[in-house]
Every structure is written in C-alpha cells, then in structure tokens.
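The values are calculated or read from the model by the stated rules, or taken from the named source; none is laboratory data. Computed from a prediction, not measured in an experiment: that's the story for all the values here. Reconstructed Cβ throughout: ideal geometry from the backbone, glycine too, with neighbour counts over all protein chains shown.
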Amino acid sequence: MRFFHLKIKGRLILICAVLVIVPILTLGTILYVTIQNETALENETKLRQQSELLSLNAESIYEIALDKVKTDLKVARKTLNSYGDPTVDEKGDLVLYDPVGDRAPIHIAENYAIVDEIRDLLGGTATIFQLKSFEGEKSSDPGSAGWAYDTAFYRISTNVIKDDGNRAIGTIVSKPVFDTIMKGETFFGRAWVVNGWYMTAYEPLYDERMNIIGILYVGVREEDYQNTFLDNIASQVVGKTGYISVLNSKGEYVLSLNHLRDGESIINATDSNGVYFIKEIVDESLSLKKGETGIKYYDWKNTGETRARRKFTSFSYFPQWDWIISPGAYVDDFQDGLIRMRGIILLVGILSAAAGIVVAYFFANSIAKPLKRVAGMADVISRGDLNVEKIEIKRKDEIAMLADSFSGMLESFRYKAGVIETIASGDLTQNIVKASEDDQLGQSLMDMNDSLNGLLNEITQTVNEVNNGAEHVSNAGQELSQGAMEQASSLEEISSSLTRINSQTRQNADSAMEASSLAKTAAANAEKGNGKMEQLLEAMNKIEKSSQDISKIVKVIDDIAFQINLLALNANVEAARAGKYGKGFAVVADEVRNLANRSADAAKETTAMVEASGKNVKEGKTAAEETASQLGEILAGSIKVAEFLMEISRASTEQAEGINDINAGLEQIDQVTQSNSSSAEESASAGEELAAQAAQLKGMLEMFRLSDSYDEKRRLIP
C-alpha cells in the first residue's frame, strides 16, 4: 500500500487528518441523515394531520348540509300539513283534505304551489311522491331501468328540473330511498336525484289508516356545499408548490391543480417507474377506516411542467361524498433546512480538517525531525562508518532515549571493531569484555576468539600429522606401483592359458554337435523301423483272424460230411429193406457215403494245416512284438543320447562364452592394474608435494600468537 511508503511525518499528518475528518464526517452524516429522517417523518405527520383535518372539515360541511335538510323537512312538513292531511281519494289521486273545516281537498298532482312555497321559504328543492303501481321502464326516467318492484314512488309535484328544463314529473325515487321508506323510516343523506347528487331528506306520508301513500322530500344540491369546501382548499399551498387534490373511487379528479383536470380520470396514471400509484391510492383509501390516513411516495409531473418531481401525499377517504382527499407536497419543498444543515456540516468539516492538518503538521514535525537525525546516524553506521558524531537531544521523551541508545550502540561498535582489527592482525591473546550480560555480539567475539585459538592449534597439529601421513603415502604409493606391475604380468599369463582352454572347449562343442546329429539320424531310422514292425504286426493279426475264419468253415464242412454219412447209412438201411428194388439206391448211397468220408478227411487235413499255420503266425507275431519293443527302446535311447549330446554341446558353448567373459574381465583387471600403477606413482608424487605444502602451512601458522588459556581449557576438558 502507498501508505506504508510514506515517511513518518506524512503518516502522522495523514493519521491526524483522518482522526479529525472521519469523526466529523461520520457525525455530520449521522446528524444529516437523522435530521432528514426526522424531517421526513415530521412532514408525513403534518401531511397526515392535514388530510385528517380536511376530512373533518368535509364532514362538518356534510353535517351542516344534513342539518339543513333535517330542518327544512320540519318546515316542509308544517307547510304541507297546513294544507291538510294526505290521503288517496276514490280516483286514486293523492290529495290534501281538511278534516275540521269545509275546505275542498287539494289535488297534489301537477300542483306546484306547495313545493314552490317550500322552495321559496327554504331554498333548495321540494317534491311530493305518490306510491303507485310500477308503470314500466321509461327512456325519460333512467331510474326506472331495471326496476325490480311492483310499486314505485312517482314524482307528482316537484321543482326538481330535468336536463331539458322541465320539472321531473313522473320519475321515480331511487332504490335505496324506496327500501328505507318502505320500512317506515325517514331517509337522510346523499342520494341521486334525477340528474345530480343532493343532500336529501325523504319522509313517508301516511293516510288515516297509517298506510304509506307517498313521500315528502326536501333537498339541496350537494355541489353547492362541496364547492364551498373545494374553493376553500383549492387555493391552499402545501409546502412551497404542493396542493390539495380530491379524487373519487373511480379515480376521477374532483379537484385538481388550478381546476385544469377536473373530471378527468387518472386511474391508469403511472409514475416514472411504471407503478399504477393512483390505483394503489384508491384501493388503499377504500380500505381505510374513519380517522385513518395513508401515505404514498411517487414521481409526478403536472401539466406544463418539464420534469417529474418526487412527491409524497397523505390521503383519507370521506365515504359520504365518495371523496379521496389527498394533500400532497414535493419532497424538495422541505429541503431548504437540510441544504443549510449540509452546508454547515461541510463548512465545519473543512475548517476542522484544516485546523487538524495544521496541528498535525507541527506535531509530526516535532517527532520526525529528531527521528530523521537518528536515522541519518544509523544510515552512516549501516555503511560501516563508525566515525560519526554522537547525537545530543535535549528532551526526555522516547526519541531522546532512542538517540542515547544509538550513541551507546556506536561506542560498543567502535570497541568491537578495535577487537576485530587486533584479531585480524594475528593477535589472539587479548581479553574481550562484554558490554552487558545480554551482549550477544561481544559473546560472539569471545566465542570467535576462543574458536580461532582452538582451530589454529588443531590446524597446527593436523599439519604435523598431514606431513607425516604424506611421507607414508609417498612410500606406500611406490610399493603399490611395484606390486601393480607384477600383478599385470601374472594376468597376462592367466589370459594366455584361458585362450587355449577356450579353443579346446569350442572343439568339444563342435564334436558333440556332430554326434548329436548322428544320434538324431539313428533315432529317426529306429522310429521308421518301429513303424514297419507295427504294420507287420497288424498284417499278422489279419492272417490270424483269417485262419480262425477258415477253421470255422472247415468245421462246418466236417459237420456236413457227418450228416451226409448218416443219411447214406440210412439210405443203405432202407435199400436193404427194399430188397431188389433198392439195390440201385444202395449203390448211390455207398458212393455218397464214400464222398462224405473223403470230404471229412479233407476237412481234417485242412484243419490240421490251418492250426499249424495259426501256430506259426502266433510265433511270428510274438517275435515281431519283441522286435518292435526293442526298436522302441533303441529309439528312446537314441533320443536320450541326442539330448545328452545337445546338453554337452550347449554346456561347451556356454563354457567357451564364460572363458571369453573371464578373458574380458582379465583385460579390465589388467587395465585397472595399469591404472592403479599410474595412480600409485601419482599418489607418491602427490604425497611428496603435500609434505612440502604442510611444511609451508606450518611456517604460516607460526605467525599467529595464540592464547595460553586455550591450552589450559583443553586440558580441563575431560
């Protein structure tokens, strides 16, 4: 961060300025926001109070109008009663008759003297209604549209004027009034009368049997009282440029700024954010109870203005006239005090910041100036220059303590620099004194001095030992070189013998390979002979089987000859029985018997020959089997001999390769031996050179003066 690159003076000024400005700005901001919120809350409260007060004023005017129609109703009733009591005659007309005097009944229908008299006495309007059967809807009477009753109160005498300038004769009363009158109650309040809103009083008229036969009405135009109220508030200014507006539940202007938009519907008006704020105001107003008010903020632009301004309004609902009374003001109308407060806060902040910066400058300078001197001395010391002058600050604060500490540090550095110069000159006998028990640098110098004493003593001893060792190395190197040369000669003789063994081994391998080849050939021939013997055995088996078949055939022939001989014997017996008639047959039988005997003899001879042949075949088969068995053994032996010879050949080859490896190893040993011989000569030379350098180093060590206390310390160490 750039803050950490500032000097101490700049940091102190910046910190002091921040410590002054930030609290002032924070307090000023909090104060400004608090006042702003309180002002907004106070303005909202005032606006709510004004809205509530306006509703009360409207209600007061409404009550005044209502009291007037109530009073007017009393006067109208007395006036009407002065003409007689109301009743319906036999024709169904509403009349006034005098039950005491002998005056003729007065017909009310289209008789305007009474209502006009009431008007002249009271002002406003007066009407007498008669209850009749509903006559149907009339285009001239909008109130008749959608009428749901069988009867209705028709105006028969009135000074209420229609839009066409005629009296509103034949029009009916509104439904709310009808419902109230039919209950026998008097209707007071706001009602739609023909073509406008009136403050009205409707009182039922009864006949002598207490039947409702009509209505006495008095009323004043509502707008006469409303205009008084509206004219009074239209000129009122809320804040600087705010005003009071009045809407109805349809979102139509009852009162607008300067009456420029009176009667215009703004229900779909939106603010700069597209919010239908008029709808929201209307909806919220209709949900308010008596005495309650609402508040709304929005951006609004009136006719003739170039830009929208932030506005807030309070609203209350006056249900008797269906009014939403809404005094509104622009937020910036109440900003003057806040703007002045903001200017004061900024001015105070600037002045305080300036004063704080001036004080911070002198404060920072009083700290930074001596620190700069101390830093300058430290910079000189850091460059290795210890000839700087001491700093004297006539103060008793921490900066003076820092300067004194730097001066003490400078003296300590000067002393230790002198000690180091003495050690550098070769004098290690001085006694080093520490500045305090916590003087790590002094302790380190003492340890370094002791270490150098010990090190140089040990180096001296080591040099002597190295000198002696160098002589031994030189002698050993010469002996090693001589032994290496003798070893190389022996290795050459071993290598020559191994070469001859290698040649003989390769000849053995070649002979074994040739013998293995011959053994394989003999094995192949034995295998072929074995195959031929198997074929011979198979042929003898077939001959033996054929001999057995021939023996069976000969046996059958012998059986046939025996049967023929029996038949011939039977034939001779029969011929003898026949006497002379059987002699010829006897001769034939003898011949047949002789033929059978010869066949039997031939069969016996054949059997003997076949048996002899079978015996010979069995003997030949046995001999062939023995021959085949011996050939199999010869084949197996030939294969084993070939395998043994192959193993001998392989072993001889591997032996030859091993001898080659031995020869290679001997060559490497020979090279190493020759290298050792060379290295031994170099070691001998290096040993002589090392001895010379050790003698030179010993002469250099004699330049140092060593402390005797180190030897005493070494002797005390177990």
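What the table shows:
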quantity	calculated
Which listed residue is outside the structural domain of Ser245 (by TED's automatic domain parsing) and at pLDDT 75 or above, from Ile13, Ile106, Ile35	Ile106
Some residue of the range 268-275 being of a type in the set (Asp, Glu), under 54 Å from the mean Cα position of the chain (by Cα), outside any loop (DSSP other than H, G, I, E, B) and not assigned by TED's automatic domain parsing to the domain that holds Arg190	no
Residue check for Ser412: surrounded by fewer than 13 Cβ atoms within 10 Å (Cβ to Cβ), at pLDDT 70 or above, polar (S, T, N, Q) and part of a helix (DSSP H, G or I)	no
Breaking point among (1) surrounded by 20 or more Cβ atoms within 10 Å (Cβ to Cβ); (2) within 18 Å of Tyr217 (Cβ to Cβ); (3) of a type in the set (S, T, N, Q), for Thr71	(1)
Any pair with Cβ under 6 angstrom, 6 or more apart, that starts in the range 206-219 at a residue that is assigned by TED's automatic domain parsing to the domain that holds Pro176 and ends at one that is in a strand (DSSP E or B) and of a type in the set (Ser, Thr, Tyr)	Asp207/Thr87; Ile215/Tyr202; Tyr217/Thr127; Tyr217/Tyr202; Gly219/Thr125; Gly219/Tyr198; Gly219/Thr200
Restricting the range 221-240 to residues that are farther than 14 Å from Trp321 by Cα and in contact with a helix residue (DSSP H, G or I) (Cβ under 6 Å, 6 or more places away or on another chain), the residue that is surrounded by the most Cβ atoms within 10 Å (Cβ to Cβ)	Gly239
Restricting the range 587-628 to residues that are in contact (Cβ under 8 Å) with a residue 24 or more places away in the chain and among the hydroxyl-bearing types (Ser, Thr, Tyr), the residue that is farthest from Glu544 (Cα to Cα)	Ser599
Selection count where residues are surrounded by fewer than 19 Cβ atoms within 10 Å (Cβ to Cβ) and of a type outside the set (Phe, Trp, Tyr), scope the range 107-118	7
Condition met for Ile30 (assigned to a helix (DSSP H, G or I), surrounded by 16 or more Cβ atoms within 10 Å (Cβ to Cβ), under 45 Å from the mean Cα position of the chain (by Cα) and at pLDDT 75 or above)	no
Residue among Val275, Val246 that alone is in contact (Cβ under 8 Å) with a residue 12 or more places away in the chain and closer than 19 Å to Asn57 by Cβ	Val246
Criterion (closer than 23 Å to Ile114 by Cα and either among the polar types (S, T, N, Q) or out of contact with any strand residue (DSSP E or B) (no Cβ under 9 Å at 6 or more places or on another chain) (or both)) met by exactly one of Lys175, Lys162	Lys162
Within the range 139-183, tally of residues that are at pLDDT 95 or above and among the small types (Gly, Ala, Ser)	2
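Table: residues versus (1) in contact with a Leu (Cβ under 7 Å, 6 or more places away or on another chain); (2) within 23 Å of Ile212 (Cβ to Cβ); (3) aliphatic (A, V, I, L, M).
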position: Val88; (1), (2), (3): yes, yes, yes
position: Lys91; (1), (2), (3): no, yes, no
position: Arg103; (1), (2), (3): no, no, no
position: Thr125; (1), (2), (3): no, yes, no
position: Asp141; (1), (2), (3): no, yes, no
position: Tyr149; (1), (2), (3): no, yes, no
position: Arg155; (1), (2), (3): no, yes, no
position: Thr171; (1), (2), (3): no, yes, no
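Listed here are the residues, each with its yes/no results for (1) without any contact (Cβ under 8 Å) to a residue 12 or more places away in the chain; (2) at negative phi; (3) touching a Ser or Thr at 6+ places or on another chain (Cβ under 8 Å).
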residue: Leu94; (1), (2), (3): no, yes, yes
residue: Val100; (1), (2), (3): yes, yes, no
residue: Ile114; (1), (2), (3): no, yes, yes
residue: Ile128; (1), (2), (3): no, yes, yes
residue: Gly143; (1), (2), (3): no, yes, yes
residue: Gly170; (1), (2), (3): no, no, yes
residue: Pro176; (1), (2), (3): no, yes, no
residue: Met182; (1), (2), (3): no, yes, no
residue: Pro204; (1), (2), (3): no, yes, yes
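To keep it simple, each residue is scored yes or no on (1) surrounded by 12 or more Cβ atoms within 10 Å (Cβ to Cβ); (2) modelled with pLDDT of 70 or more.
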site: Ile423; (1), (2): yes, yes
site: Leu445; (1), (2): yes, yes
site: Gly454; (1), (2): yes, yes
site: Asn467; (1), (2): yes, no
site: Ala470; (1), (2): yes, no
site: Val473; (1), (2): yes, no
site: Gln478; (1), (2): yes, no
site: Glu493; (1), (2): no, yes
site: Leu498; (1), (2): yes, no
